[in-house]
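Report on one structure; see the data block that follows.
Nothing in this text is a laboratory measurement; each read-out follows from the coordinates by a stated rule. On a predicted model such as this, the values are computed, not experimentally measured, just so you know. A quick note on method: Cβ atoms are made from the backbone with ideal geometry, for glycine too, and the neighbour counts reach across all protein chains shown.
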Amino acid sequence: MNTYGSNRVEFRRPAHLGKLIGIALLVFVAIIVLTAGTYVVQPGHRGVAVTLGKVASDFRPEGFGFRQPLITHIEQISVRQQTRSLPAECYSSDLQQVKVQLRVLYRVPEQSVVKIFQEYAGEPFDNLIAPRVLEALKEAAAVQSAEMFVKKREEVKAKALDLARRKIGDGFLEIVDVVLYDITLSPELESAIEQKMVQEQEAERAKFTQIQTQIEADTAVIIARGEAEAIAIRGQALRENPSFFKAQVVQTWNGRSPLVVGADGGANLLLQLDQLQRTTPAPAGKPTPPPRR
């Protein structure tokens, strides 16, 4: 009798375990296939579908969508406004070197997304925008002197922007703006321009002082002429109408008779004007009028 055989325990695999593993594998594969067959285009982007190296003619809008699993992938191209900076060197009409820092604001229109991806791998700045903008700036600077380049930078910028848009092509890429800053000239030229500006300011100040002096002189002449005419008019009025003086006195009278200071034998006298008229002797040959009561 085999005692070991009676004590041996047999472990059997449950019948449903294999089914569970098979279901799990199917679910895993389904998740992979579902993930590979969908895509999401982020906000501010457009999608370009590439299937086995072939680019679809239409872009995919932002949001969720389906694709062919494993053989199609979606490249996302930004359609938001972007900003890039680059240095530039150009020569003015007087053959002076001008160094400028540029800031270019641009945007890829959605109708150009597919072509931009095919020709420039989705990033057109280095190969398309920068060379055209630099070329446009050099053409705009070549017709201005270095001094005018600094003074009229807005005009230079506007012309360079217009040239760059025409060179790139409106509708294909949108050049929003070009900003010029940190303009650098040679030290000698900067010193000459500064001295010239100081001289112009001094000349303007001298011209202003001259105009101000002339205006003050003209004003004084006008005032003096007005006073002379006023005196002449008053004199004419007195000659033609003696009562005009009395009217003037009435207008300025404060209601009290004025006092007249005189001397009588060394003693000071204070007389009112009406008393003085009563005490003043009449001219010879004319009777003294009686005082009014």
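Placing dummy labels 7 Å off each Cα toward the beta-carbon, the span from D182 to T35 is 4.5 nm. With 28 Å as the limit, the listed pairs K167/K196; K159/K196; K54/K138; K157/K207; K138/K207 have K167/K196; K54/K138; K157/K207; K138/K207 beyond it between alpha carbons. Under 5 Å between amide hydrogens, built in the peptide plane, is the criterion, and for L102 it picks out L86, A88 among residues at least 5 positions away or on other chains. Site pair R239 and E200 shows an inter-label distance of 5.9 nm when each label is modelled 7 Å from Cα along Cα→Cβ. Most tightly packed first, judged by the mean number of other beta-carbon atoms within 10 Å of their residues, the peptides 204-210, 128-134 read 128-134, 204-210.
Within region 116-142, whose backbone N sits under 16 Å from a point 7 Å along Cα→Cβ of D162? Output list for this probe position: 136-142. Working ranking of peptides 224-231, 38-45 by packing, defined as the average number of other Cβ atoms within 10 Å per residue, highest first, is 38-45, 224-231. When +1 charges are put on Lys and Arg Cβ atoms and -1 charges on Asp and Glu Cβ atoms, the dipole computed for region 82-185 relative to its Cα centre reaches about 100 debye.
Contact order for region 104-239, expressed relative to its length and based on alpha carbon pairs under 8 Å spaced 6+ residues apart, stands at 29 percent. Taking each residue as 0.36 nm, the span from N127 to L105 lengthens on full extension beyond its C-alpha to C-alpha distance by 6.4 nm.
Which FRET efficiency, nearest 0.05, do V55 and K19 yield, Cβ-Cβ r, R0 51 Å?
It comes out at approximately 0.70.
Placing dummy labels 7 Å off each Cα toward the beta-carbon, the span from K151 to E139 is 2.6 nm.
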